[in-house]
Amino acid sequence: DADLQPHRSRYWITPTLNAEFLQRASRILWLYERIETLQAKGEMALALDEKPNIQALQRVCPTQLMRPGQVERQEFEYERHGVVNFLVLLNIYNGKMRSCSLDKNDSQHLCKMLPTLLKPFYSFRRVHLIWDGGPSHTSAATASFLKSRYGSWLRILPTPAHASWLNQAEILLKSFGVRYLQRGNWESRQQLIEHLYASTPEYNRLWAQPINWSWTRRDLHDWAEKKSS
């Protein structure tokens, strides 16, 4: 009679719209608004994100392919062959990606791979890099590494808490996952790693395109004012 639904629940995440949130978000939106101008000045805009702990699952029975009147059927039982931490670097100008796998999703392994991922961009005057506030990004070890190796050449733009959606690399990972990770069947962890490496150039060739980002700093402040009223 009370129209309650105890079998259901929903969750939400609420950003704290304080000065730090607005400052961090504004810096990222400023970058998106000036992509063409920065490119003309010889500056590169990149975004980085991880998809940690991708399970290398092998189905016990072969998948039954779709046929008229029957959808594809996948066996529920599986064997686990470990996990893979997938790291991607997005070129915001053209939507293309570079990728690698990390044995562990920590500061040590991130710093080890960053020079390889950033190497093609060393010819630019400056690089702006967007990433979230994950522990491997914000650790003292990572900060020390970035300062000693890159100095002011690499400008880090961290997303605010609860706003990783401002990072276009997160959108990239969603798109990539839909095309190359759904319905996966891996006989080993190494097979999954090889699949990811082989899929990266194909994604760049077939699907990569710049994201048409339309949400501006004005939209941000209008949204913040509405939420605080």
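The values are calculated or read from the model by the stated rules, or taken from the named source; none is laboratory data. Remember, it's a predicted structure, so these values are computed and weren't measured experimentally. We place every Cβ from the backbone using ideal geometry, glycine too, and count neighbours over all the protein chains shown. What goes into the accessible areas is simple: the full protein's heavy atoms, side chains included, and nothing from ligands, DNA or RNA. Shrake-Rupley method; radii C 1.70, N 1.55, O 1.52, S 1.80 Å.
Which one is surrounded by the fewest Cβ atoms within 10 Å (Cβ to Cβ) among residues in region 144-197 that are within 19 Å of GLN58 (Cα to Cα) and hydrophobic (A, V, I, L, M, F, W, C)?
For region 144-197, the residue satisfying everything is VAL178.
Does any residue of region 58-73 turn out to be closer than 20 Å to HIS162 by Cα, among the charged types (D, E, K, R) and surrounded by fewer than 11 Cβ atoms within 10 Å (Cβ to Cβ)?
Looking for residues that are closer than 20 Å to HIS162 by Cα, among the charged types (D, E, K, R) and surrounded by fewer than 11 Cβ atoms within 10 Å (Cβ to Cβ), one finds none in region 58-73, hence no.
If LYS41 passes every condition in (1) free of Cβ contacts under 8 Å to residues at least 24 places away in the same chain; (2) open to solvent by 90 Å² or more (accessible area, probe 1.4 Å) but one, which one does it miss?
All conditions are met except number (1).
Which residue out of LEU87, LEU17, LEU48, LEU22 is open to solvent by less than 80 Å² (accessible area, probe 1.4 Å), assigned to a helix (DSSP H, G or I) and under 26 Å from PRO158 (Cα atoms)? Even if it seems obvious, please write down each step before you answer.
Details: LEU87 fails: assigned to a helix (DSSP H, G or I); LEU17 fails: assigned to a helix (DSSP H, G or I); LEU48 fails: assigned to a helix (DSSP H, G or I).
After ruling out the rest, the residue left standing is LEU22.
If only one of GLY151, GLY133 is part of a loop (DSSP other than H, G, I, E, B) and of a type outside the set (Val, Ile, Thr), which one is it?
On the way: GLY151 fails: part of a loop (DSSP other than H, G, I, E, B).
One residue alone meets the criteria, GLY133.
Can you tell me which residue among LEU90, LEU129 is under 17 Å from THR200 (Cα atoms) and touching a residue at least 12 places away in the same chain (Cβ under 8 Å)?
One residue alone meets the criteria, LEU90.
If you scan region 90-116, which residues turn out to be part of a loop (DSSP other than H, G, I, E, B) and either hydroxyl-bearing (Ser, Thr, Tyr) or over 21 Å from ARG149 (Cα atoms) (or both)?
Within region 90-116, ILE92, TYR93, ASN94, GLY95, LYS96, ASP103, LYS104 meet the criteria.
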